[in-house]
1. So if I average 1/r over every pair of distinct C-alpha atoms in region 102-219 and take the inverse, what Kirkwood radius in Å does that give?
2. Kindly state, to the nearest 0.05, the FRET efficiency for Asp209 paired with Leu66, given R0 = 25 Å and r defined as their beta-carbon distance.
3. Would you mind working out the accessible area per residue for the chain, using a 1.4 Å probe, and quoting it in Å²?
4. Just to be sure I understand, if you calculate Rg and Dmax of the Cα atoms in Å for this structure, which of (i) 18.5, 66; (ii) 19.2, 56; (iii) 16.8, 52 do you get?
5. Given the options Pro208, Ala192, Val122, identify the residue whose Cα lies farthest towards the positive end of the charge dipole of region 71-219 (+1 on Cβ of Lys, Arg; -1 on Cβ of Asp, Glu).
6. With a cap of 11 neighbouring Cβ atoms within 10 Å, and only residues DSSP puts in a loop, list the trypsin sites (Lys or Arg not before Pro) found in region 1-65.
7. Among residues other than Arg215 whose Cβ falls under 13 Å from its Cβ, what is the net charge (Lys/Arg +1, Asp/Glu -1)?
8. Using DSSP, restrict attention to beta bridges with both residues in region 1-99 and report what percent are antiparallel, rounded to the nearest 5.
Amino acid sequence: MTKAPLLFSYFRSSCSWRVRIALELKQLKYDQKAVHLLNNGGEQHSDEYKSLNGMEQVPTLLIDGLSLTQSIPIIEYLEETRPQPNPLLPGDPALRARVRQISEIINSGIQPVQNLSVLQAVGAERKMKWGHDAINKGLLAVEEILKETSGKYCVGDTVTIADLCLIPQVYNATRFKVDMSVMPTITRVVGALEGLPEFRAAHYSRQPDTPDELRDTSS
C-alpha cells in the first residue's frame, strides 16, 4: 500500500499554508506532522528535522519517495506530476509568466523580508513597522498587476499558484495592520478564494496544530 504524503507544517506558516491548499486542490489525502516554530526555541532547529530540511524551515513534504522543501518547488512538483484535477498553471506562456510574476513578488519579495527569523533579528520594538512596510510595498505592487490580470481570481477565472501565495500573505497583512482598503482588487479576489472548500480546509484555523483559541469549529 502506497504511503500517504507527509507534510511537515506549522499552522500559521504562510509557506506551509500554500502547500496545504495545493494538496487540497489536487485531492491528495495526506498526513501532517506539526513543527512548532516557537516552542523550545523552534522545533525546526532540532537535529531530527535538520536532517530533512537543511534550511530549518517549513514546509517539508515527503511524497513519492522524495523529501521536498521550499513551497514553490513543492507546488510545481505536484502540478507536474498530477496536472489533474485543478491545473494550477495556465496553458498560455504569457499567462504562466504573469502567475509566476505575482507568485514571486510574494514568495521572494515579501515573505522572506517579514518571516519569523528576520523579525526576531529586527527585534520586538521594530518588528511591527518592519513587517508592515515590507508587506505593504509588495502588495501594492501586486494590486497594480491584478488590475490587469484578474478575473474572479488573480489571473483570470481559474485558481493558480498566484492565488495560493496571495491568501496567506493577506492574512499576514492583517496581522501587521496593513490598510487593505487601498487594495480593492486584492480584497475582491481574496473574498472569492475564501469561499472555496479547498481554501477553507487549508486555512490556519483548521489545522491539527491550531491552538484552541484560534480554532474555527464551524462546519
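1. Details: mean 1/r = 0.0666 Å⁻¹.
Hydrodynamic radius (Kirkwood, Cα pairs) of region 102-219 is 15.0 Å.
2. Details: r = 24 Å, r/R0 = 0.94.
Calculated transfer efficiency: 0.60.
3. Working: 10960 Å² over 219 residues.
On a per-residue basis, 50 Å².
4. This structure yields the entry labelled (iii).
5. Val122
6. Values: sites: Lys3, Arg12, Arg18, Arg20, Lys26, Lys29, Lys33, Lys50; in loops: Lys3, Arg12, Lys26, Lys29.
Passing sites in region 1-65 are Lys3, Lys29.
7. Once positives and negatives cancel, what remains is -2.
8. Numbers: 7 of 11 bridges.
Restricted to region 1-99, the bridges split so that about 65 percent are antiparallel.
The values are calculated or read from the model by the stated rules, or taken from the named source; none is laboratory data. This is a predicted model, so every value here is computed, not measured. FYI the Cβ positions are ideal-geometry reconstructions off the backbone, even for glycines, and counts take in every protein chain you see. These area figures cover heavy atoms from the full protein model, side chains too; ligands, DNA and RNA do not enter into them. Shrake-Rupley method; radii C 1.70, N 1.55, O 1.52, S 1.80 Å.
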